[in-house]
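A.B. asks: I have a structure here, written as structure tokens, and I will follow up with some questions on it.
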Amino acid sequence: MSRTPPRFPPLRRVLGHWRGPGVILAAVGLILSMLSTGSASARADLRANDRTGASSSAPSVKAPVRVAEFVAECPFTHRLPDDPIVFPGLPGASHMHSFFGNDSTNAHTDLAALKKGRTSCNPIADLSSYWTPTLYDNGKEVEPTGTTFYYLGEGVRDDVIANIKPLPAGLRIVAGNAKATGVDDPSSISRWSCLHHGEVNPSKDFVNCPSGSMLESYLDFPQCWNGKDLDSPDHKSHMAYPVGGQCPATHPVAVPKLRQVLRYPVSGDPSRFKLASGGGFTMHGDFFNAWPEDEMARRVRDCINPIIKCGADGRP
């Protein structure tokens, strides 16, 4: 780094009209002292640059966040009393569902139809369909304004994460239980909380959120696959949750864990709220995978396996 040499007043200005050997010696000493100070400062700068190998203005490189994650933001698209996983080919056979992502989803949906549909998701590469029972506030439909679907490596050991496989195209997964009987029902895995209000304890049923907050729903899908079936008669037995940080022998293939996070613009007395399937403890989610295989594989390889936090574009 260049440095402007120090400037000093002319000797004549320093001496003024004074004369005599003592005054001249004092002035010369002052100037020598100033020169020494400037040189020392320059030497210090050189030593600092030697230690860093660059000037202090060199940009720093941020290390990636060590979290195995990529995401899709998929806003609400439509409502239908259809369920192409549980009631395929039977329009109107289900309770009301709110759909996110692929806008073509209906009772007749299959993988080929999803590939031809359009998506509300960011990234637009995600043509998958996600759906949940519709939420009602005093009988009026309420749709979430925050709709994030996380794909995670958590829940298993690091060595298992390193070997997580991409979700196969056409895989169907159901999480939660639409027929759960209460908060004590072990088949209920719903979680309700309040946005930015951790003082309100989470619950399997609706909670009372302060005014100005939002009601949040969290739902984790199973992440262990049997490696063979894209669905099963009960729509659940081809998938399992990990045990002790690894997948059970019956479901040996670890895939990314899908976490559904929905934020509803409602708060206050939870007795006003109801799901199309019943109480808050009946919250459940359905997922029909239609990610392009290369996009899913890239995100698993670059984000999940090396335990790196990626955005919607699948990059750190």
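The values are calculated or read from the model by the stated rules, or taken from the named source; none is laboratory data. Quick caveat, the model's predicted, so the values are computed rather than measured. FYI the Cβ positions are ideal-geometry reconstructions off the backbone, even for glycines, and counts take in every protein chain you see. Remember, those area values only see protein heavy atoms, side chains included, never the ligands or the DNA or RNA. Shrake-Rupley method; radii C 1.70, N 1.55, O 1.52, S 1.80 Å.
A.B. asks: With charges only on Cβ, +1 for K and R and -1 for D and E, what is the dipole size of region 95-152 about its Cα centre, in debye, rounded to 20? If you can, show how the numbers build up before the last one.
C.D. replies: Details: 4 positive and 6 negative charges, 39 e Å.
Result for region 95-152 is approximately 180 debye, rounded to the nearest 20.
A.B. asks: If you don't mind, there's one more thing I want to ask. Which residue, V253, G279, I308, has the largest displacement toward the positive end of the dipole of region 239-316 when charges sit on each Cβ (Lys, Arg +1; Asp, Glu -1)?
C.D. replies: G279
A.B. asks: Taking the solvent-accessible surface of protein heavy atoms with a 1.4 Å probe, what is the per residue accessible area of region 186-316 in Å²?
C.D. replies: 42
A.B. asks: On a 31 Å Cα-Cα criterion, which of the cross-link pairs K116/K204; K62/K228; K116/K165; K140/K228; K62/K236 come out too long?
C.D. replies: K116/K204; K62/K228; K140/K228; K62/K236
A.B. asks: Further question: Please report the carbon-and-sulfur percent of the accessible area for region 67-302; probe 1.4 Å, protein heavy atoms only, DNA, RNA and ligands left out.
C.D. replies: Details: 5250 of 9810 Å².
The C+S portion of the solvent-accessible surface of region 67-302 is 54 percent.
A.B. asks: Additional query: Name the residues whose placed amide hydrogens come within less than 5 Å of the amide hydrogen of G227, ignoring near sequence neighbours (fewer than 5 apart) on the same chain.
C.D. replies: Distant-sequence amide H within range of G227: V253.
A.B. asks: Quick one: which of 250-256, 201-207 comes out on top by average Cβ neighbours within 10 Å, and what's the full order, highest first?
C.D. replies: Result, highest mean first: 250-256, 201-207.
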